[in-house]
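Notes for the one structure printed next.
The values are calculated or read from the model by the stated rules, or taken from the named source; none is laboratory data. All of these numbers come straight from a predicted model, not from anything done at the bench. Every residue, glycine among them, receives a Cβ derived from its backbone with ideal geometry; neighbour counts consider all protein chains shown. When the accessible area is computed, the model is the full protein with side chains, heavy atoms only, and any ligands, DNA or RNA have been set aside. Shrake-Rupley method; radii C 1.70, N 1.55, O 1.52, S 1.80 Å.
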Amino acid sequence: MARIEAMKPAFSAFALQWRHLFAQYVAEWRIIRWLAPIVLIHSLVYVFLVPPWQHYDEPGHFLYAAYIVRGGIAAPDNVAIAREVADSMYRHHFWPPDVRPDLLSPRPPAIPTDQRHHPPLYYVLMAGILGPLRYLPVELQLYAGRLVSAGLMMLTVLAVWRTVRIMAPDEPHMAIVLAALVAMTPAFVDLMSAFNSDVLMNWAAAVAFLGFALLLRNGWQPTGITLAVLGTLVAILTKRTAVPLIGPLVVVLVWTAYRRPIRWWWYGLSGLAIITLAVLSSFSFTGGELRVQPWLATLERDYLRVPIIPWLESWLNWERAWPWYLRTLEVAHSHFWMRLAWGHVAVLPPVGDWLVVGVSIAAILGLFRGIRSWSTTLTLDQQRWIWLCLLAVGIAWLALFGRLHPLPETGNTYIPRGRYLYWALLPTMWLLLVGWQHLWPERWRPLTCYILIGLFAAFDMIAIVTIVRQL
C-alpha cells in the first residue's frame, strides 16, 4: 500500500499532462473544423470564377499531364488533345478575336507554354487524376485539377496556422491572423487555385517549414524530421524553384543538433568551410580554364538547365545587372501581392502598388525596431525561427535575382515574377506581421494586426470583383 501511495503523485501528473493534451487537441480541432471549410470555399470562388486557361501557364501544365495520360512521361505531343485544348481556349476567349488556332495542321497548335522541362512528379500525380476523366470535355478535366489545387491551398493554410501555434503558443489568435493573411493574398490564392505545379511545391514548402518549427521547438523527433525532409524533397522534385529551400533545412538541422546559443564567429567559420568545400568539390582548374566537375555538369544539364560558369561570371557584372535588379524588385513585388491571371490583371491601380510597397516598408522598419528586444522577450527557438525567416526570405530574393543570369550581351532579359518567391511565403508573411506589429506602440500591438487583416480583406474583395469584370 505504501508503494501505491508513493506512486500516486506520478500518476496524477501523468493524468494531468494527458488531460491538458486532450483539451488542447479538442480546442485545435474546433478551429480546424471551421477554418478548413472557409479556406476551401474561398479557394473554390477563384476556381470557378476564373475562366478556363486564364491562370498563369495553365494550358501548358494541363497538356503535360494529358500527354502522360496518353503515352507516358516521354510521350510525344498528342495532336488530338492539343487541338481540344486550343479549341477550348478559343471558345473561352483566351486569344484576341482576330487570333484563331490552326486546328487542321498535322502539327499541334501553338499553345503557351510547354512545361515539359519541369520534373515530372506533379504531372504524374495529376495524370492519375485525369486518367479516368480522359473522355470528358477538357474543361471538366481542367476543373478537376483545379479542385485538387483548392484542396492543397486549404492544407497550406492549415500548415501555416499550425506553424504559428508551435512557434507562438501563447498567442493563439496570431495563428488565425497569419492564416487569414495567407488565405486572402490575392495573387497567391489565384495561383493556388490553378492547374499548376507551383501548387504542389508551395504546399510542400509550407509542410517543410512546419517541420522546421517542430525541430526548433522539440529537437530530434520523428514528426519534425519527416515533415522537414519530406516537404523539402517533394518541393525540389516538383520544381527547381524550390532548390534554395535546402539552405533553411541545413541551418535547422544544425540548430537542432546544437540547442544552445552559438557564437557569431562559429557561423562565419562554418560558412567559409562550406563554401570552400563546395568550390573544391564542384570545380576544377585545368589548362588555365575553370571547369565544372562531372556530377555538377550532369545536374546542370538534366535539372538546373543553367550554364553554371557563365552564370557565376555574370554576377560580377554589377554595372549591367544593377538596373535589372531594381526592375525585378519592382515587378516581383507587385506580382507577389496584386497580379492575377497571366500577370496582366492588376487588382489595384498603380497607386495601389505603392500602398502595398508602403506596407512592406513599414514592416521592414518595424523589424529593425523590434530586433533589439528579441533576445529578452523570445525564447531561443523563437529567436532562431525569426532568423530562419529572415534567412529564407533573403535566399528567396537572391535566387530570384539569380534567374536574371547569365545576362545577355545585348538586349533585354526575362524579369522573373513574384510567384518564384512563394516557396518562402510563410516566412514572408510572418516577418510582415511581426514587423507591422513592432511599428506600433506596445499597448496597441494586439489590435494592429486586425488593421492588416482588414486591408487584405479589402484587397481580396477587390480581386474577386476584378476577376468578374475583366476575365
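Of everything in the range 22-43, what is open to solvent by 50 Å² or more (accessible area, probe 1.4 Å), at pLDDT 80 or above and of a type outside the set (Val, Ile, Thr)? Give them in sequence order.
Trp29, Arg30, Arg33, Trp34, Pro37, Leu40
Does any residue in the range 177-196 that is under 16 Å from Ala159 (Cβ atoms) come within less than 7 Å, Cβ to Cβ, of a residue that is of a type in the set (Ser, Thr, Tyr) six or more places away or on a different chain, and which pairs are these?
Listed pairs, sorted by first residue: Phe188/Tyr422; Val189/Ser43; Val189/Tyr46; Met192/Ser43; Met192/Ser149; Met192/Thr156.
Is it true that Ala175 is modelled with pLDDT under 95 and under 30 Å from Gln383 (Cβ atoms)?
Yes: the conditions hold for Ala175.
So which of Val251, Val189, Val199 ends up being closer than 26 Å to Ile308 by Cβ, part of a helix (DSSP H, G or I) and of a type in the set (A, V, I, L, M, F, W, C)?
Checking each option against the conditions leaves just Val251.
What are the residues in the range 205-245 that are in contact with a Ser or Thr (Cβ under 7 Å, 6 or more places away or on another chain) and either among the β-branched types (Val, Ile, Thr) or not in a helix (DSSP H, G or I) (or both), if any?
Within the range 205-245, Gly219, Trp220, Thr238, Lys239 qualify.
Is the range 183-191 home to any residue that is more than 15 Å from Asp460 (Cα to Cα) and open to solvent by 10 Å² or more (accessible area, probe 1.4 Å)?
No - not one qualifying residue is present in the range 183-191.
I'd like the full set of residues that are touching a residue at least 24 places away in the same chain (Cβ under 8 Å) and over 23 Å from Leu49 (Cβ atoms), limited to the range 124-157.
Answer for the range 124-157, where residues must be touching a residue at least 24 places away in the same chain (Cβ under 8 Å) and over 23 Å from Leu49 (Cβ atoms): Val124, Leu125, Ala127, Gly131, Arg134.
Looking at the range 450-471 only, could you name the residues that are under 18 Å from Ile361 (Cβ atoms) and open to solvent by less than 60 Å² (accessible area, probe 1.4 Å)?
Leu452, Leu455, Phe456, Phe459, listed by residue number.
From the list Leu147, Leu152, Leu158, which one is out of contact with any Asp or Glu (no Cβ under 8 Å at 6 or more places or on another chain), open to solvent by 50 Å² or more (accessible area, probe 1.4 Å) and at pLDDT 95 or above?
Exactly one of Leu147, Leu152, Leu158 is out of contact with any Asp or Glu (no Cβ under 8 Å at 6 or more places or on another chain), open to solvent by 50 Å² or more (accessible area, probe 1.4 Å) and at pLDDT 95 or above, namely Leu147.
Looking only at the range 217-237, which residues are crowded, with 24+ Cβ neighbours inside 10 Å and either at pLDDT below 95 or farther than 18 Å from Leu121 by Cβ (or both)?
Ala228
In the range 237-272, how many are in contact (Cβ under 8 Å) with a residue 12 or more places away in the chain and among the aromatic types (Phe, Trp, Tyr)?
1
Just to be sure, is Pro101 surrounded by 16 or more Cβ atoms within 10 Å (Cβ to Cβ) and farther than 19 Å from Ser193 by Cβ?
The answer is yes for Pro101.
Looking only at the range 295-309, which residues are assigned to a helix (DSSP H, G or I) and either open to solvent by 50 Å² or more (accessible area, probe 1.4 Å) or at positive phi (or both)?
Trp295, Thr298, Leu299, Arg301, Asp302
Which one of the conditions (1) closer than 23 Å to Ala204 by Cα; (2) out of contact with any Leu (no Cβ under 6 Å at 6 or more places or on another chain); (3) open to solvent by 60 Å² or more (accessible area, probe 1.4 Å) does Leu280 fail to meet, given that it meets all the rest?
(1)
Does the range 437-449 hold any residues that are loosely packed, with under 12 Cβ neighbours inside 10 Å and in a helix (DSSP H, G or I), and which are they?
Result: Glu442, Arg443, Trp444, Leu447.
Any residue in the range 139-149 that is outside any helix (DSSP H, G or I) and aromatic (Phe, Trp, Tyr)?
No - not one qualifying residue is present in the range 139-149.
Tell me, which residue of the range 104-115 that is within 30 Å of the chain's Cα centre (by Cα) and polar (S, T, N, Q) is surrounded by the most Cβ atoms within 10 Å (Cβ to Cβ)?
Step by step, filter the range 104-115, then rank; the result is Gln115.
For the range 310-426, which helices (runs of 4 or more DSSP H) that fit wholly inside it have 3 or more residues that are modelled with pLDDT of 90 or more and open to solvent by 10 Å² or more (accessible area, probe 1.4 Å)?
Per the criteria, 318-338, 350-370, 380-402.
Can you list residue pairs whose Cβ atoms sit under 6 Å apart, with the first residue in the range 84-97 being more than 15 Å from Ala341 (Cβ to Cβ) and the second being among the aromatic types (Phe, Trp, Tyr) and outside any loop (DSSP other than H, G, I, E, B)? Count only pairs 6 or more apart in sequence or on different chains.
Between residues of the range 84-97 that are more than 15 Å from Ala341 (Cβ to Cβ) and residues that are among the aromatic types (Phe, Trp, Tyr) and outside any loop (DSSP other than H, G, I, E, B), there is no close pair.
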